[in-house]
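Notes follow once the structure below has been shown.
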Amino acid sequence: MDALFAPEYEELRSVVSSLAEKQIAPHAADVDQNSRYPIEAAKALQDAGLAAAHVPVEYGGQGADALATVIIIEEVARFCAASSLIPAVNKLGSVPVLLAGNSAQKQKYLTALAKGQGFSYCLSESEAGSDAAAMKTKAVKDGNDWVLSGSKKWISNAGISDFYTVLASTDSSKGAKGISAFIVEKSDSGISFGAPEKKMGFKGSPTREVYFDQVRLPADRLLGTEGAGFSLAMQTLDHTRITIAAQAVGIAQGAFEIAKKYAHERKQFGKEIFDFQAVQFMLANMAMQIAAARQLTYAAAVKSERAEADLTFYSAACKCFATDVAMNVTTDAVQVLGGYGYVNDYPVERMMRDAKLTQIYEGTNQIQRLVMARNLETL
Ligand code: CAA
């Protein structure tokens, strides 16, 4: 775990933190209140090479390893969780290409991603959420082409992204083993998008349904081999649930910092509320939980980089733990601020709303516990 303490990671943190504070934080409240895409953040991240920093250098990216990517997402989420979904979704959509793409697919799509074309991930459907293998979207072979039909739900940054990794059944008689992965382009004929969902939080990141009406895909859009899509989808989540943990750590850290500052500024009964042990203990608990969540997340990131055998467990564990921590910490931060925490004068109410989603997406925390339980023998 020496990597945790390598100075280049702290240098990266400082660069991202400063960029996020100057160029992303000032727009975070407006992005939330108006449910608008964070264009300022998208531009700032892209200009700094941080929107898809995980893309290898040979395709024009920064070649950021999993730990560096986690630090980028964490520091952006400290100020604006919706903006932190830009690098997180770009990683989620493109990990299948990194894991299973052929050299032509990598060249084309990763290069475009590094240049700023977003990449979303289409797994869930209206009737296939936790039970992802129950998907109905299908791809039928027609000559050398595939014809894709169906719909996907809860797709982050849908409509914004140029590319979509789409999981579809290519042989319904085989269940999970009859699922394949495809790359779909926004410009493909027959793809369309639903209206943005009206969400509790993460309002700056559009979540839409994606519809596929007989979308014709040439053979070279198949990712990996036919029937290997579900396993690829699960392997992808092993690498990317860690980015959701990073988001959660960042949200929690942001809320903690505001609560700590407020506790020193706010005076009641003639002294700072920080001087009351009840408040001190809340802050101490927040700091302790965040520290534990951060270390577990970094450990999982290092395992992701090394593709270690217990990655599936660690990925689920850090996602589950850190997102529960984010919910606890943001709720307590609102409590420390009292009435001021409950109104939008301070960002903590937004952070509390944002934290909630992290317990739900990329697999509910109930599914994370199921995944951990199924992988106990790897420990
Ligand atoms: N790596 C490689 N292969 C894996 C795997 C992994 N981590 N996990 C499962 N597989 C393989 C299994 O080995 C199995 O193949 P074999 O039969 O050859 O062994 C096959 O996949 C099926 O596995 P299961 O029998 O375990 O499948 P299941 O139907 O019981 O489902 C599940 C497992 C863990 C519940 C899975 O459905 C799941 O993760 N559900 C949650 C879905 C999810 O996380 N959705 C998130 C959507 S993305 C999102 O939210 C993004 C966003 O907006 C930001």
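The values are calculated or read from the model by the stated rules, or taken from the named source; none is laboratory data. The structure displayed is predicted, hence computed values, not measured ones. With ideal geometry, Cβ positions are generated from the backbone for all residues, glycine too; neighbour counts draw on all protein chains shown.
Which of the helices (runs of 4 or more DSSP H) contained wholly in region 305-379 include at least 1 residues that are buried (at least 24 other Cβ atoms within 10 Å of the Cβ) and among the basic types (Lys, Arg)? Talk me through it step by step, then tell me what you get.
Details: elements: 311-337, 339-342, 348-358, 365-374.
Those helices (runs of 4 or more DSSP H) span 311-337, 348-358.
With respect to LEU283, is the statement that it is over 25 Å from the mean Cα position of the chain (by Cα), modelled with pLDDT of 95 or more, surrounded by 22 or more Cβ atoms within 10 Å (Cβ to Cβ) and away from the ligand (no atom under 16 Å from the Cβ) true? Quick ask: steps written out before the conclusion?
Working: over 25 Å from the mean Cα position of the chain (by Cα): yes; modelled with pLDDT of 95 or more: yes; surrounded by 22 or more Cβ atoms within 10 Å (Cβ to Cβ): no; away from the ligand (no atom under 16 Å from the Cβ): yes.
No: the conditions fail for LEU283.
Restricted to region 109-165, and to residues that are within 16 Å of the ligand (Cβ to nearest atom) and on the phi > 0 side of the Ramachandran plot, which residue is nearest to the chain's Cα centre (by Cα)?
ASN157
If you go through region 139-155 one residue at a time, do you hit one that is in a loop (DSSP other than H, G, I, E, B) and crowded, with 18+ Cβ neighbours inside 10 Å? Quick ask: steps written out before the conclusion?
Narrowing region 139-155 to residues in a loop (DSSP other than H, G, I, E, B): 143-144.
Next cut, crowded, with 18+ Cβ neighbours inside 10 Å only: none.
No, that holds for no residue.
Determine whether GLY254 is in the same structural domain as LYS138 (by TED's automatic domain parsing) and either surrounded by fewer than 24 Cβ atoms within 10 Å (Cβ to Cβ) or touching a Phe, Trp or Tyr at 6+ places or on another chain (Cβ under 9 Å) (or both). Walk me through it before giving the result.
Details: in the same structural domain as LYS138 (by TED's automatic domain parsing): no; either surrounded by fewer than 24 Cβ atoms within 10 Å (Cβ to Cβ) or touching a Phe, Trp or Tyr at 6+ places or on another chain (Cβ under 9 Å) (or both): yes.
So GLY254 does not fit the description; no.
Taking PHE202, is it within 22 Å of GLN105 (Cα to Cα), of a type outside the set (Asp, Glu) and either in contact (Cβ under 8 Å) with a residue 40 or more places away in the chain or not assigned by TED's automatic domain parsing to the domain that holds PRO87 (or both)?
Criteria not met by PHE202.
Run down ALA307, ALA293, ALA373, ALA322 and say which single residue is within 16 Å of the ligand (Cβ to nearest atom), assigned by TED's automatic domain parsing to the domain that holds GLN235, more than 16 Å from LYS260 (Cβ to Cβ) and in contact (Cβ under 8 Å) with a residue 12 or more places away in the chain.
Being within 16 Å of the ligand (Cβ to nearest atom), assigned by TED's automatic domain parsing to the domain that holds GLN235, more than 16 Å from LYS260 (Cβ to Cβ) and in contact (Cβ under 8 Å) with a residue 12 or more places away in the chain holds for just one of ALA307, ALA293, ALA373, ALA322, which is ALA322.
Which one of the conditions (1) in a loop (DSSP other than H, G, I, E, B); (2) surrounded by 23 or more Cβ atoms within 10 Å (Cβ to Cβ); (3) not aromatic (Phe, Trp, Tyr) does ARG36 fail to meet, given that it meets all the rest?
(2) is the only condition that ARG36 fails.
So which residues in region 218-265 are touching a strand residue (DSSP E or B) at 6+ places or on another chain (Cβ under 9 Å), more than 16 Å from the ligand (Cβ to nearest atom) and in contact (Cβ under 8 Å) with a residue 60 or more places away in the chain, if there are any at all?
Correct list: PRO218, ALA219, ASP220, ARG221, LEU222, ALA263.
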